Amino acid sequence: MNQMYNSEKHHRRSIRLKGYDYSLAGTYFVTICVKERKCVFGDVQNSNVVLSPIGEIVYQCWNEIPNNFNSVKLYVFIVMPNHLHGIVVMTNDCRGVQLNAPTRNASNFYGLISPKQKTLSVIIRTFKAAVTTLCRKNNYHFFELQRNYYEHIVRNEDELNRIREYIINNPLQWQFDKENPNRIQDNTYDNQWSHFEEGIYGKTK
């Protein structure tokens, strides 16, 4: 049965940078969240993330991206209880992205669903589809990723180092993170990272 279009429900303002070609070589800071920010990827214990079975699938699928998209490299990333942060590097020949032959596990699903296209959006959409496929296969039917994702174009080395520091410190500072449903407010943390986190999450709140 076709669903009636509802302008309030279906309208989603684009959070991509207008006029920017996301097939261009570059470095991107990407954040992908669980729908409704539910903590289903795992838990933080003693400043370390202990992944759930769903979190393991997310970790596996993210690691498989370079094996399925030529000219895409992964830098530092972290799977948190309800989101993933990662740095994606697209090299100069990204316009010729092609799929490698599928290998095993998540790659098998990438091989079935990945279109031979070139943009960051296609890469992330394909990753999310692979995660969803594997979750459904393992009977995690309740799980959903947020429909959209967030990206920041990394413009210089100082910014890259700052983002890298944020990602690495995410588990250490989870108790103060704005995505933690049991967050403890801390002025020191907010002064250091609040503006940065608003840049990641502010467009959806």
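None of the figures in this text is laboratory data; all of them are computed from the coordinates on show. Only a predicted model underlies this, so the values are computations on that prediction, with no experimental measurement involved. Positions of Cβ are backbone-derived with ideal geometry, glycine not excepted, and every protein chain shown enters the neighbour counts.
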**Study point:** Around Ile87: net Lys/Arg minus Asp/Glu count, Cβ-Cβ under 10 Å
**Key:** +2
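Only counting other Cβ atoms within 10 Å, I'd like Asp43, Asp158, Asp177 sorted with the fewest neighbours first.
Ascending Cβ contact count within 10 Å gives the list Asp158, Asp43, Asp177.
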Check your understanding: Which net charge results when you count Lys and Arg as +1 and Asp and Glu as -1 among the other residues whose beta-carbon is under 15 Å from that of Val49?
Key -> -4
**Study point:** Glu144 long-range amide H proximity, modeled H, under 5 Å
**Key:** Lys35
**Study point:** Phi to ³J(HN,Hα) by Karplus 6.51 cos²θ - 1.76 cosθ + 1.60 over segment 157-174, Hz, x for Gly, Pro
**Key:** 5, 4, 5, 4, 5, 5, 5, 4, 4, 4, 4, 4, 7, 3, x, 5, 10, 4
